[in-house]
Amino acid sequence: MKLKKIHILFGLLLTSSQLILADPPKRVLEQPNIKHKAPAHVCIEDIPHLTDIIITPNPTSVDAKLEFTSLKVSKVEISLLNTIGKKYDYLTINKEFGIGRHVVTLKTGDLPQGLYFIEIISNGSRTIQRLFVVAS
């Protein structure tokens with residue numbers, strides 16, 4: 001008696017004869033970078049010339065610091081958004097950063113507690129980082 005292999009694909013049980021080969025997804029979400037205290041990486045796209053992006057402290061009850069390394073001179077826009085996408089204009093930074101390590105202070109001390117997103121845009125690429133604000 002020959003046993004059929006059973007595959008699980010998107011929650012469906014399929015036998016080998018039912019398995020349809022399809023193109024793999026264009027972009028698979030990666031696991032968050034575990035080396036940081038609070039994994040914040042939820043990017044849909046990476047910015048190749050900005051590396052080692054870290055938000056500390058996270059969660060925070062005071063102002064947070066966004067740290068990153070720029071591998072080339074580039075214009076960078078840093079925005080804070082709430083969970084429905086509202087941008088806090090007074091917290092938006094739009095400037096050119098040189099090569100090297102940079103630290104940007106995010107004035108989050110007066111925000112209500114909750115989940116926020118730090119959106120970083122540079123050279124047509126974008127990454128989004130999570131920031132949790134807690135009561136002090």
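Since every read-out is calculated from the coordinates, none of them should be taken as a lab result. Please read these numbers as outputs of a predicted model, since none were measured by experiment. Note that we place each Cβ from the backbone using ideal geometry, even for glycine, and neighbour counts take in every protein chain shown.
Points 7 angstrom from Cα along the Cβ direction at Thr105 and Ser74: gap in nanometres?
Label at Thr105, label at Ser74, 2.6 nm between them.
Would you grab the residues whose amide H sits under 5 Å from the one on Thr108? Only those 5+ places off in sequence or on another chain, please, with H modelled 1.01 Å from N.
Those lying under 5 Å, H to H, from Thr108 are Asp63, Ala64.
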